[in-house]
Each structure stands twice: as C-alpha cells, then as structure tokens.
Amino acid sequence: MKKVSTREIYGRTLCELGDRDDSVVVVDADLSLCTMTCYFAGKHPERFFNVGISEANMVGVGAGLAATGKTVFVNSFAMFTAGRAYDQIRNSVCYPHLNVKVVGTHAGLTVGEDGATHQCVEDMSLMRTVPGMTVIVPCDAEETRQAVYAMADYNGPCYFRLGRAPVSNVVDSLPGYKFEIGKAVTVKEGTDVTVIAAGTMVEVALEASSALKVKGINARVINMHTIKPIDRNAILSAARETGAIVTAEEHNVIGGLGSAVSEVIVESDTRVPVVRVGVQDVFGHSAPAEVCMAAYGLTSDRVAQAVQQAIAMR
Amino acid sequence: MEASRKIELETIATKCRADALAMVRSAHSGHLGGSLSVMDLLTVLYFDVMNIDPEKPHDPHRDRCVLSKGHCTPAMYSILSRRGYFPRAWLSNFRQIDSVLSGHVEMTKVPGVDMSAGSLGQGLSAGLGMALASRVDGGKYRVYAICGDGEIQEGQIWEAAQAASHYAVDNLTVFIDNNGIQLDGFTEQIGGASNAAAKFSAFGWHTTEIDGHDMESIEKALEEAWSISGKPSVIVANTVKGKGISFMENNPKWHGNVPTEDEFEIAFKELDDRLAELGASWEGWAR
C-alpha cells in the first residue's frame, strides 16, 4: 500500500470526527495546510479558528473553548506546541485538566530539510513530565485514525505526536487491530530480546527484527504508541520473557521513550539491560528525511547493533 | 445607578477588602495590593452585572470571568464567598495544604472560578476561547477578563488582542486594572508607560478609560461595551494599588508583602471607619 503521513490521515480523521461530533472545535496557528486541519476548516468553518502565528495564544484559546465543554484540538508543529507553548500547555490546559488535544506535527528529524530549528526531538520529554498529560505517538495511518477517536472519547489533555513524512502501514498486518490508550501492541513475537519502539521507529524496528532473524536472533517488537501512561506490564513481561530491551525513538534519548522504559525497568525486580536508540542529545541538521535518520543512527542497522549490545550485556 | 445601590456595592467591596486582609493575615502570605485595586471591578461584575447563579456554578449559559491576574485570590475568593459560592469558613484556611483556596485562582477546586490562572498573560486567550465558544453555541453568554497593567507586558496578551479583534468578538470585555505598580516597582519605570487604551485601540478594540473605584463609572463602561458590536472592548480602569488602606495606597511595597499585626489593626480600623461612613455595619458579617 501507498505510504501516507500520519498528519495527512490525522487531518482527514479530524474532519470525519467533526461530522459526527459538533462539540469538536479546532484551532490552528497559520499551519493548517501543514497540520492538515485544512480539511476540518473546509467542512466545519464555524468550528475552526485560525488565530494566526501565535501558538501561546492558540493554546490559551483552546483552553478557554474547552472550559466551556468543547472537545478541542490545537495544532502546530511539535516545536511550536510542545516547545513554544509549554507554559500555556502546563498552566492553562493541564493544571485545570481541560479537554484539549495538543497536536504536534512535523515532530523529530523527519521534518528533514527545514533543519534543526524545526526538528523537535524534545517534545515527548516535555509533555511527559506535565502531570495529567497523556502522550500518544501513532506509528502509521490506521493507528492515527483510531487514536483520534480514542482521544476524543477521553476527557482530558493529550499530546499527539505526528510526522511530516509518509510512513508505511504497520498495524494493518494485525487482524482486528484495536488502538487503546496506554495499551502497547506486540507487532512481532520474539523470545531473545525486545525492541520497544514508537512512531516512525516501529517500522525500522521491524526491519531490524527481520535482519536479526537471519542471524538466529528472535527479536520481539513492541509498538509503544502511548508514552504516558506507559504500559508497565508490556515492558515487564518483555523483560522477564526476553531478558534484554532496546528502545527506538525519533527523539532525544533523554526524557522520551527510552527514559520511560528505563524508569519502569530500574524500579522493578527484573533488571535487564536497556539500550536506547535515538538522537544522542544533539540538534538535527538540514537534509532529506531519510538522510537525517541515517546520519543520526535511526536505522535498522543501528537497532540491530543495539540488540546485539543488549544481548551481550545480559 | 441609584445612590442606595452605589452604597450597597461600596459596602460589599469594603467588607471584601476586610476579608482579603484577614485571608493574608491568616496565611502570612498573599497579594494584597492588586487585590485591593481590583476589588471594585469584581464587586460590580459579581454583584451587579454578571448573569450568574451561585447555586449553579456550572450552568453552561452563565457569563464567565477570567481573572488573568490570577494571584489576586484574596479579592476573588472574598467576592465569590460573599456572593454565596462557598462558605466563608474556607477563607480562613487560605494557602494551606488542606485547603482548596490556593495562591492563584483554580477552576477545578473552587466553585465560581471559570478559569485557572497564575502564569501571567494567559487569561485573555482563555477569555477569547470562551467568547468564541459562546459564538459557536449561538451567543448565549458574555465573557469578561481582568488583566493587570503590568501583566500586559506579556507578549501573549497582544497575540490574543490581535486575534480577538480579528474575530470581532463583541461579547468579550476586558478590564485593565491600571494601578501603575508591578512587583519590582512603578510600571512606568520598569515596563514603560502602559498606554493601554492607545495600544488596544491600535489593535482594533473599543476602548474606554474610567475611574476603577467608581461603581457607577464601572457599570456605565460595561453598558457602553455591551452596546458596541463587531469589536471587543477594553475598559482601562484607573485604580490605586492598595486601595482603601492609607499606608498601602500607591506603594510598591504592598504587591506581595504581609503587614505586621499593628499594621493589620490600622488597616481594619480604616475599613471600619469606611463602613461607618457608608452607614453600614458588620451585622451579619463576621470580620
């Protein structure tokens, strides 16, 4: 099947959600053609507000709308929601636990050519530490579609991390796939090691798993689409059953998925090695998305290498 | 406004000033200066004009008020309590670990609070969101926001001002509590002259400038704001920080400092005298 970006399917689903639920209100800050809220705007103009290039204000407006009972989606690049409007998300949205879905598109290195100023690799970390915030990172189109509905059904703040670049279908291969907030998905069974991945890195982890198979290593792959609340049971079962863990994320290794998984492991009685694949605490660079991913070690080769490191540490 | 109504509102404001003092006295902390300057604005809103019912604090059709200068809880909570949203006994537990009354306004814990605030500059955006929601729902309610003149140094205020004007939300009315003082000193010396009316006017707002301690002027300015269609309104309320307590008035020291016991006694005495002037007493109101 054709690759499609998570932001594209997000935009289409949001519009569909708006057809069904007239409490849904969408706010954007002059990026509706990129966050793909343009579909909703075209269909439901009376419930769409483009506040201009003012992300702090956008989040505040979203909070005010939610305070009256609306289900609100506020949208910009990850850098400008989670990054720029952190204080507004914390104090105007999360502290009063308002029903605002903060959407950060163009997250991570796959923004590509726009370079480091736009390649947010800290958003999961920032959003994860705010009390009451739920953090969701879908890996493909179908998961994105289901997650939009799941977030709408949940009454409270969420951060939704999306990418710019088209991605392959991952969960389509799982029969009857049902997205549930906080419930990780085993996308490939395995007994020797577990790769816990999120977002774009789920597909990469699956590639690594296939390569490892040839070497006689059976790697389990878990799609950890919800970074918070993290699925402790899935992590601990993986630790017990496979004895080593690799995490893979298009994000700084500090504060995101790798940190969240490590926190669960070190506070358990199942101390297994954890190797974190991700951006190694550096800024990105302008280049095509796939070149960036390769340059910063977000590849199946690197994941396979990390798997061998983890097994060796066991 | 009838003379008797004016006296009634001034009496309420005076008693709430005493409540605010008592709250800060019991907590040994809190922001008195800005609470005393904003008290008359809150009195007119909550006791005179807003379409609200303390029995139904979550009524979806109610008017809303966002206290963007969210640290002025001694004023807001005195007003809400006197208006009947929660028992007066709560006030004496202000800023304590087992109390719902924190240092900054909280919508999840305190009946009558429409929006949490504290980090300055965020309330106007929330007010705009509420005003837009009212429009989506068919224009059922009005929204008020109250900002400090120091607070409008925050950039987000001007993002919101621009968007409110763009969306022509004429159900949004903003008070600037223009008391001329911020934490570090006189606003003019720190952030420059606020020139709030001229700035908002340039942003496309209807503007009025009034004496923010005159009940009748406040009410009239609100009536004028409601008559304006196609743009939001700002009422620059010229106020005195520390209003009503002689030694606090217009003195930057009283942004967040706590008076001594002797000073509290002087302050309460002045409010007692003011009540006597108004021909009112503490009857039915514990001090």
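So B:Gln189 fits all but one of (1) within 9 Å of another protein chain (Cβ to nearest Cβ); (2) over 15 Å from A:Gly62 (Cα atoms); what number is the exception?
(1)
Could you please find all residues in segment A:234-279 being surrounded by fewer than 21 Cβ atoms within 10 Å (Cβ to Cβ) and among the polar types (S, T, N, Q)?
A:Ser237, A:Ser262, A:Ser268, A:Thr270
Would you pick out the residues in segment A:43-73 that are in contact (Cβ under 8 Å) with a residue 40 or more places away in the chain and more than 10 Å from chain B (Cβ to nearest Cβ)?
A:Thr71, A:Phe73
Outside any helix (DSSP H, G or I), more than 8 Å from every other protein chain (Cβ to nearest Cβ) and more than 18 Å from A:Ser54 (Cα to Cα) - does that describe any residue in segment B:128-139?
Within segment B:128-139, the subset outside any helix (DSSP H, G or I) is B:137-139.
Narrowing further to those that are more than 8 Å from every other protein chain (Cβ to nearest Cβ): B:138-139.
When the remaining residues are screened for being more than 18 Å from A:Ser54 (Cα to Cα), the result is B:138-139.
Yes: one or more hits.
When the residues of segment B:106-127 are narrowed to those that are more than 7 Å from every other protein chain (Cβ to nearest Cβ) and of a type in the set (A, V, I, L, M, F, W, C), which ends up farthest from A:Ser54 (Cα to Cα)?
Restricting attention to segment B:106-127, the residues satisfying the condition of being more than 7 Å from every other protein chain (Cβ to nearest Cβ) are B:106, B:109-113, B:117, B:120-121, B:123-124.
Of the ones still in play, those that are also of a type in the set (A, V, I, L, M, F, W, C) are B:110, B:113, B:117, B:120, B:124.
Values: B:Val110: 30, B:Val113: 26, B:Ala117: 19, B:Leu120: 16, B:Leu124: 13 Å.
Step by step, filter segment B:106-127, then rank; the result is B:Val110.
Could you please find all residues in segment A:210-224 being assigned to a loop (DSSP other than H, G, I, E, B) and crowded, with 16+ Cβ neighbours inside 10 Å?
Initially, segment A:210-224 is screened for residues assigned to a loop (DSSP other than H, G, I, E, B), giving A:215-218, A:224.
Selection gives A:Ile217, A:Met224.
Exactly one condition in (1) surrounded by fewer than 24 Cβ atoms within 10 Å (Cβ to Cβ); (2) in a helix (DSSP H, G or I) is not met by A:Ala310; state its number.
(1)
Give the residue, chosen from B:Asp48, B:Asp19, B:Asp53, that is in a helix (DSSP H, G or I) and over 22 Å from B:Ile235 (Cβ atoms).
On the way: B:Asp48 fails: over 22 Å from B:Ile235 (Cβ atoms); B:Asp53 fails: in a helix (DSSP H, G or I).
Criteria check complete, one pass: B:Asp19.
Since every read-out is calculated from the coordinates, none of them should be taken as a lab result. Given the structure is predicted, the values throughout are model-derived calculations rather than measurements. Cβ: placed from backbone, ideal geometry, glycine included. Neighbour counts: every protein chain shown.
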